[in-house]
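Peer 1: Could you have a look at this structure, given as structure tokens, before my questions?
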Amino acid sequence: MIKLLMGNEAIALGAINAGVHVVSGYPGTPSTEILETVAKYNDGSIYVEWSVNEKTAMEIAAGAAYSGARAMVTMKQVGLNVASDPLMSLSYIGVKGGMVIVVADDPGPISSQTEQDTRHFAKFANLPVLDPSTPEEAYEMVQYAFDLSEQAGLPVILRPSTRICHACSSIDVSGDRKRLAPSGFEKDPRWVIFPQLSYRRHIEIEKLQASLSRTFSKSGFNSVSGEGKLGIAASGIAWAYACDVIRDLGINVRTFKVGTPYPFPEELAESFLEGLDSVLVLEELDSVVEEALIAIAGTHGLKVRILGKKSGNTPCAGEFSYEIVHRAISDFAGLSHDEKPYPYMSRLPSRPPVLCAGCPHRASFYAVKKAMRGQKAVFTGDIGCYTLGNAKPLNMVDTCLCMGASIGVAQGIKRVEPETKLFAFIGDSTFFHTGIPGVVNAVYNQTDITVVVLDNRTTAMTGHQPHPGTGKTMMGNESEKVDIEAVLKAIGVKWVRKINPFDHENAVAAVREAAGIKGVSAIIFEAPCIALFRKPEALTVDADKCRACGLCVREIGCPAMALDESGKVGIEPSTCYACGLCSSICPFGAIGGNAS
Amino acid sequence: MKTDILIAGVGGQGQILASRLIATAAIIEGCHVRTGETIGMSQRGGSVVSHVRIGGESMAATVPFGKADLIIGFELCETVRNIKRLSENGRLIVNTQIINPVTVSLGIEKYDAAAMRDALKKATDSIIMLDAYSVAGQAGSVKAANVVLIGAAAGSGYLPLSRDSLVEAIRRVIPQRFHEINCKAFESGYRLAGYIKC
């Protein structure tokens, strides 16, 4: 049956077909829809969970694979940093049931902090990695990955990038689903990592790399074709662009598609390099394939020039495109390429993403901003929709580093600037992910900071996934809601206030009080994300009362508000959520209607 | 038949649904299709594009510069921002709706709508401009402006997919309780485009 599937959906359906038994993960663009799709098509025979963070998710998949089940764990590239501790040891311990680690890379980056390349992580951890070029290949690869994992006794990494994860393709998904019964956990010293075991396993793993390289030289995911003195090697989405460009230019070159960047298919690479004068390597992020080819050419004394990122033939940062690959191949093949100028407008207003109209984070940021006006304060931020609070006119995110870092960074700044007020903003899901140890640290070390938990009852940025505070699971069960206030109090935070950020005056008063507390104080701003409820009737502006002062627009920057030619404010009814923040700051009482 | 389509707009306007509808209709007609979307941070009111490539010739989902046979612009400025992807004989369906970026509301940047309309008219003679927001409002919900625009693309003949396939796609992709509104929105766009073109 032909279905239109997003790359992430294809990976999920491939895993279901392969008989996956346990799936865990933590949401992160561009990986999120994989686990959601497994849950959507789950007939009840697969255990699916959003874990509290990637480290825990990795350990859950590992435990399941120790027990002979096929397991999959999903995350984005920076999530693998969090999960790297279990990952590195896991390659020594190995698995019994097939374990696939899906790590989505984000060249650009489009929705990430870094442009790190998971293929390096695979090499670092001595784990095989598969790099799909299309959604349909991702569908095939994930199924193969389970088989390979069981054959090698190692977890296998599948590394799709954004343009694979979020591209759709018509894919034939017919094929039987494997039904596998896990053998269960068998007690054995092999599951306990000790230095002696690690040493022995290290020798075996190194041998295994060589045999996996030979296996990959025969794999259908790698191929050499075409003739000529010029060669083009490519991996991931760059291979797709390369195929399209080579077709459009009508040139004859020898091509090398690399679907398994590590262990590198050396024998096949040698046959590709044989007799070539020069090679252009096309790959996003880092020069993994390029370096592997340079090493092979060096080892075998081949006189072939290898061009790519190191030679400056392709960009060292950012995502590739048809145009970038077209330019690189044209230059390489000695073809002229005239780029047509576009005689249209070049200056257009920019349109960065913004907090939605009605977003409770806007009210929370605004309350803190107002309360701290005139005082020296630093606002450390974290990862989530609320990172957008850095934009004008709020300007309320002074730092953003990684998941959970708001709380640690605030403590470091406070130690250097004892007179400055420090506010650490963190979302509910991020608080559970890696925020809690930072609060424990602040209490233990008696650091005066205010932790501001922005509790919108969901993991909003990645598309509204449940988390431990929501009491909902991916198996459709109701569970104990982990209470953020109770957690903070149990840790030893003596001053904790829960407040609705739209209760503007009280919110401002609470912030002022918190800032004066010795030790750690915490405010939990509670109000649901607008995606969680039906849109109420929009607010309206009384044009007679509006004095065109523009204060509302200048202060809060709500995307549902705009000033007309006379300077009076107008509200777009299809996007206004009637949060009431604008009406609570309007000095003339001009904004009203159905205020919540 | 190879057709490369670009949908350009502002996050929240329903571009992803629009690309799903077109892709589903293409599959109904037996064509291979690829789509590429912007999902994630930029969805929050930022500039977004969806690519739909019908015909299966290309491996990559992104429509290159100068290759789009059709651009469906959901918002004026976002259409201009992506005009470089339009092919020499490419066609345009444009929603004349203006959504001011916050940078414009704050007075940091200017939104020159007249210059934008001129830029589009210079790009191609095959252009249909309509106020899909109002048309959708009359059909029952301004949220259905995306479907009005698909209707206009089909009704003008710029989108080489049949009316029946697109209506069937609406039935397959959109929840049943919204069928009536969306079918009405589709028909309004379809008829209006035919009328404008004459």
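The values are calculated or read from the model by the stated rules, or taken from the named source; none is laboratory data. The structure presented is a predicted model; accordingly, all values stated were derived computationally and were not measured. Here the Cβ is made from the backbone with ideal geometry for all residues, glycine too, and neighbour counts use every protein chain on show.
Peer 1: If a residue counts only when it is touching a helix residue (DSSP H, G or I) at 6+ places or on another chain (Cβ under 6 Å), without any contact (Cβ under 8 Å) to a residue 40 or more places away in the chain and among the hydrophobic types (A, V, I, L, M, F, W, C), which strands (runs of 3 or more DSSP E) contained entirely in segment A:427-529 have at least 2 such residues?
Peer 2: A:495-499
Peer 1: Kindly list, by first and then second residue, each pair from a residue in segment A:410-424 that is without any contact (Cβ under 8 Å) to a residue 40 or more places away in the chain to a residue that is surrounded by fewer than 22 Cβ atoms within 10 Å (Cβ to Cβ) and not acidic (Asp, Glu), limited to pairs with Cβ atoms under 6 Å and residues at least 6 apart or on different chains.
Peer 2: Between residues of segment A:410-424 that are without any contact (Cβ under 8 Å) to a residue 40 or more places away in the chain and residues that are surrounded by fewer than 22 Cβ atoms within 10 Å (Cβ to Cβ) and not acidic (Asp, Glu), the close pairs are A:Gln411/A:Thr447; A:Ile413/A:Val378; A:Lys414/A:Thr447.
Peer 1: Is it the case that A:Thr299 is hydroxyl-bearing (Ser, Thr, Tyr) and touching a residue at least 24 places away in the same chain (Cβ under 8 Å)?
Peer 2: no
Peer 1: Please go through (1) touching a Phe, Trp or Tyr at 6+ places or on another chain (Cβ under 7 Å); (2) buried (at least 21 other Cβ atoms within 10 Å of the Cβ) for A:Pro559 and return the number of the only condition it doesn't satisfy.
Peer 2: A:Pro559 satisfies every listed condition except (1).
Peer 1: Check off (1) surrounded by fewer than 23 Cβ atoms within 10 Å (Cβ to Cβ); (2) within 18 Å of A:Pro360 (Cβ to Cβ) for A:Pro501 and give me the number that stays unchecked.
Peer 2: (1)
Peer 1: Right, another one. Identify, please: which residue in segment B:1-60 is basic (Lys, Arg) and modelled with pLDDT under 95 and is, among those, surrounded by the most Cβ atoms within 10 Å (Cβ to Cβ)?
Peer 2: Filtering first and then ranking leaves B:Arg44.
Peer 1: Looking at segment A:127-147, can you tell me whether even one residue there is over 30 Å from B:Ala60 (Cα atoms) and either in contact with a helix residue (DSSP H, G or I) (Cβ under 6 Å, 6 or more places away or on another chain) or assigned to a helix (DSSP H, G or I) (or both)?
Peer 2: no
Peer 1: Taking the conditions exactly as written (free of Cβ contacts under 8 Å to residues at least 60 places away in the same chain, surrounded by fewer than 20 Cβ atoms within 10 Å (Cβ to Cβ) and more than 12 Å from chain B (Cβ to nearest Cβ)), does A:Asp277 satisfy them or not?
Peer 2: Details: free of Cβ contacts under 8 Å to residues at least 60 places away in the same chain: yes; surrounded by fewer than 20 Cβ atoms within 10 Å (Cβ to Cβ): yes; more than 12 Å from chain B (Cβ to nearest Cβ): yes.
It is true that A:Asp277 is free of Cβ contacts under 8 Å to residues at least 60 places away in the same chain, surrounded by fewer than 20 Cβ atoms within 10 Å (Cβ to Cβ) and more than 12 Å from chain B (Cβ to nearest Cβ).
Peer 1: Looking only at residues in segment B:144-190 that are of a type in the set (A, V, I, L, M) and not in a helix (DSSP H, G or I), which one is farthest from the chain's Cα centre (by Cα)?
Peer 2: Here the answer is B:Ile174.
Peer 1: Among the helices (runs of 4 or more DSSP H) lying completely within segment A:318-416, list those that include at least 1 residues that are assigned by TED's automatic domain parsing to the domain that holds A:Val281 and at pLDDT below 95.
Peer 2: Qualifying helices (runs of 4 or more DSSP H): none found.
Peer 1: So, of the residues in segment A:372-392 that are away from every other protein chain (no Cβ under 14 Å) and among the β-branched types (Val, Ile, Thr), which turns out to be surrounded by the most Cβ atoms within 10 Å (Cβ to Cβ)?
Peer 2: A:Thr380
Peer 1: Answer with yes or no whether B:Thr3 is in contact with a helix residue (DSSP H, G or I) (Cβ under 9 Å, 6 or more places away or on another chain), more than 22 Å from A:Pro559 (Cα to Cα), more than 7 Å from chain A (Cβ to nearest Cβ) and among the hydroxyl-bearing types (Ser, Thr, Tyr).
Peer 2: Details: in contact with a helix residue (DSSP H, G or I) (Cβ under 9 Å, 6 or more places away or on another chain): yes; more than 22 Å from A:Pro559 (Cα to Cα): yes; more than 7 Å from chain A (Cβ to nearest Cβ): yes; among the hydroxyl-bearing types (Ser, Thr, Tyr): yes.
Spelling it out, B:Thr3 is indeed in contact with a helix residue (DSSP H, G or I) (Cβ under 9 Å, 6 or more places away or on another chain), more than 22 Å from A:Pro559 (Cα to Cα), more than 7 Å from chain A (Cβ to nearest Cβ) and among the hydroxyl-bearing types (Ser, Thr, Tyr).
Peer 1: With outside any helix (DSSP H, G or I), of a type in the set (Ser, Thr, Tyr) and surrounded by fewer than 17 Cβ atoms within 10 Å (Cβ to Cβ) as the only criterion, which of A:Ser174, A:Ser211, A:Ser169 stands out?
Peer 2: Sole residue among the options that is outside any helix (DSSP H, G or I), of a type in the set (Ser, Thr, Tyr) and surrounded by fewer than 17 Cβ atoms within 10 Å (Cβ to Cβ): A:Ser174.
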